[in-house]
Structures are given as structure tokens and as C-alpha cells.
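Below is one structure, written out as C-alpha cells; comments come after it.
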């Protein structure tokens, strides 16, 4: 039951952030949104800052779960990479699309959630690096698996502020991966 109420607190926090932003949201706003007293909110969070951090953590954890699911799927490498990148891009587009005030939840420079954003991006980078290593991108090449991951992250960061970003992700990823992934080796044709 406590988990359900914490979910209610975080949902109310999100609603308040979309209206007022992080700075102007108060515990009273969260309580009012929930229809409970201020002290009821304090049973689940230590204050507004804690509520914002827990909300940011929940949103990033959900996106990371989607990225990890994509990373271990049976799909081809290009599709797995696309799924990882889509999880990062969707997080940003969902938050920014909901309200300009919620963009702070994905801002690495934000006081309350910057470290959460950084940790999320590092985990996404690790997932991408593993995909490129498994696909045969070699450390000795000009583009190492880690560098390929950084290039993909730069693509997504560039798309975050682009109109129609969700529709551009797949063709941009496909074009990028054409240059990053090793060319499939041709199977010799045997004469019978």
C-alpha cells in the first residue's frame, strides 16, 4: 500500500512540475494535487527535493529498463542499437513534450537530478559500447566500440531539440550504423 501512495506522490509531483516547474512547486502543491494533507506527503518523501529526485530516478529507471530490454533482444545489432537510442530519446521527448518545466528532469546540470541523468547516460553508453564490441567493432580501429557509442549518443542529443525527432531517429540511426558497423562478410558461393 505504501508503494501505491509513493506512486501517487510522484505522479502528483510530476503534475505540479508540469504546471509550475521545479522551483515554484511546493509540498503544499503536491498535497493539494493528491487531495491530502502536507503531513501525508511527508510520510513518503522528505520534501519537495526528495520527491523530485525520486521522480527523476523513476523516469530514468523506466527508460533504462527499455534500453536494457532492447540490448538483450534477439534482434539484429542495428535494431538493438536503435532500441537503446529510442529509449533515451523518448525519455527526453516525453518530458519536454509534456511541459517545458519538466525538461529540468533530464538536464545534466540540474541541481536535483543532474547526477541521475549522468548515471543514466553512462549506462546507455555502456549498453551501446557492448553492442558495438559484440558486433565486431575492434579497439584497434579508428572507431572503437566506446567511440561508436559516443557518436550514437551525440546523434540522439542532436535530435532531442529537432522537430520530428521521433521520425528521424530510425533513418539517422540506419545511416550512422552503415558507417559504424563492420560490413557483413560475404559467404562464398560453392559450385556443386
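Annotations
- With a requirement of 2 or more residues that are more than 17 Å from residue 120 (Cβ to Cβ), in contact (Cβ under 8 Å) with a residue 60 or more places away in the chain and touching a helix residue (DSSP H, G or I) at 6+ places or on another chain (Cβ under 9 Å), the helices (runs of 4 or more DSSP H) lying completely within the range 1-88 that satisfy it span 2-24.
- Looking only at residues in the range 113-140 that are modelled with pLDDT under 95 and more than 20 Å from residue 72 (Cα to Cα), the one that is surrounded by the most Cβ atoms within 10 Å (Cβ to Cβ) is 138.
- With respect to the stated conditions, residue 93 is within 25 Å of residue 177 (Cα to Cα) and in contact (Cβ under 8 Å) with a residue 60 or more places away in the chain.
- Matching residues in the range 160-173 - criterion: being surrounded by 13 or more Cβ atoms within 10 Å (Cβ to Cβ) and under 22 Å from residue 135 (Cβ atoms): 169, 170, 172, 173
- Of all residues making up the range 57-93, the number that are loosely packed, with under 15 Cβ neighbours inside 10 Å and under 21 Å from residue 22 (Cα atoms): 2
- Checking 91, 95, 169, 105 one by one, the residue that is more than 18 Å from residue 58 (Cβ to Cβ) and in a helix (DSSP H, G or I) is 169 and no other.
- Residue 184 passes every criterion in (1) modelled with pLDDT under 95; (2) more than 17 Å from the chain's Cα centre (by Cα); (3) assigned to a helix (DSSP H, G or I); (4) surrounded by fewer than 16 Cβ atoms within 10 Å (Cβ to Cβ) apart from (3).
The values are calculated or read from the model by the stated rules, or taken from the named source; none is laboratory data. Owing to the predicted nature of the structure, the values given are computational and were not obtained by experimental measurement. Note: ideal-geometry Cβ built from the backbone for every residue, glycine included; neighbour counts use all protein chains shown.
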